[in-house]
Amino acid sequence: MLLDRVHRAVTAAREVTDHPVLEALARVGLVAYGVVHLLIGWLAWRLSRGAGGTDADQTGALETVARTPGGAVLLWAIGLGLLALALWQGGEVLLWWRGLLDREHRTRTAVVCAKCLAKAAVYAVLGVTALLFAVGAEYEADERLRELTGETLEVPGGAVAVGTAAVGVLAVGAYSLWRGATGGFMRDVDLPAAPDRWEPVIEVVGRVGYVAKGVAFGVVGVLLFRAATTADVSTATGLDGAMTAIGRTDAGPWLLGVVAAGFAAFGVYALARARYPDRDPSS
């Protein structure tokens, strides 16, 4: 039967994504993911102290890596590790796919698979960006976002599309806040393998990190929504623009310093997850 053939193919693919070599490469990706967030935190802290010159976002972090001795080699390692992480994380869908055939559990399974694929997409995009930097290509996330927003606003219904994207970014921010508040991120850590004394530390840095990311994405969403309603492309910006906007508030330097610490905390959490990885997407 066709279904049996599909099941055998999925089982074979699942064995590939479960291979120890791929898991080892995924750990490299998780380390890279943590290092990128530590660098974003450091760049945001410098921004809070009045320093400039480098964007406080993913591209700024990768530019920082590129300027270090052996930067190109490190970027290749980061890029390939993150792509392996994306494949490893996306492979979790292969465990859940049968639920899509069950009417009773279809909705729940679809949500779980969507979250898993969303995580994989984030890792893949960052991995590709790292490889672009490794081969010497130039890429500015904020500039590209403004260009894309401007192009979208010029077509019929473009404002609605940009507004919808803004709502999506706000939803991501709200989800990050929810993950931080509930501690659901702990399901991504293999707690039985981690020493008991480290569990509270992992939980604290994870909570702080997810809340900080939620705040930053919330600001990105607000700025993007403003671009949709005013047709002012200059307000469409990514993470670096959000950091700059936070820094311009009355309590800017202090608040930006807190957000910077939060991103650094998320970096520590990602490193802990690299040491004790679990890819359970059901959280």
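The values are calculated or read from the model by the stated rules, or taken from the named source; none is laboratory data. Please read all numbers here as calculations on a predicted model, not as lab measurements. Using ideal geometry, Cβ is built from the backbone for each residue, glycine included, and neighbour counts are taken over all protein chains shown.
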Is it the case, given these coordinates, that Leu191 is surrounded by fewer than 23 Cβ atoms within 10 Å (Cβ to Cβ) and either out of contact with any strand residue (DSSP E or B) (no Cβ under 6 Å at 6 or more places or on another chain) or farther than 20 Å from Gly60 by Cα (or both)? yes
Residue pairs, Cβ under 9 Å, 6 or more apart or interchain, first in region 53-77 and touching a residue at least 40 places away in the same chain (Cβ under 8 Å) and under 14 Å from Gly238 (Cα atoms), second assigned to a loop (DSSP other than H, G, I, E, B) and among the β-branched types (Val, Ile, Thr). List them. Gly60/Thr54
In this structure, does Val36 turn out to be of a type in the set (A, V, I, L, M) and closer than 28 Å to Ile246 by Cα? yes
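Listed here are the residues, each with its yes/no results for (1) modelled with pLDDT under 85; (2) closer than 21 Å to Glu23 by Cα.
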site: Thr64; (1), (2): no, no
site: Thr68; (1), (2): no, no
site: Leu82; (1), (2): no, yes
site: Leu94; (1), (2): yes, yes
site: Arg103; (1), (2): yes, no
Quick check on my filter: what residues within region 133-165 are surrounded by 16 or more Cβ atoms within 10 Å (Cβ to Cβ), of a type outside the set (Gly, Ala, Ser) and within 20 Å of Asp57 (Cα to Cα)? Phe133, Glu140, Asp142, Leu145, Arg146, Thr149
Restricting to region 224-243, give me the number of residues that are surrounded by fewer than 20 Cβ atoms within 10 Å (Cβ to Cβ) and in a helix (DSSP H, G or I). 6
In this structure, does Thr229 turn out to be free of Cβ contacts under 8 Å to residues at least 24 places away in the same chain, among the hydroxyl-bearing types (Ser, Thr, Tyr) and out of contact with any Phe, Trp or Tyr (no Cβ under 9 Å at 6 or more places or on another chain)? no
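Give the residues of region 194-228 that are aromatic (Phe, Trp, Tyr) and within 18 Å of the chain's Cα centre (by Cα), sorted by residue number.
Of everything in region 194-228, those that are aromatic (Phe, Trp, Tyr) and within 18 Å of the chain's Cα centre (by Cα) turn out to be Tyr210, Phe217.
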Might you let me know whether region 254-263 holds any residue that is of a type outside the set (Lys, Arg), modelled with pLDDT of 90 or more, touching a His at 6+ places or on another chain (Cβ under 8 Å) and buried (at least 19 other Cβ atoms within 10 Å of the Cβ)? yes
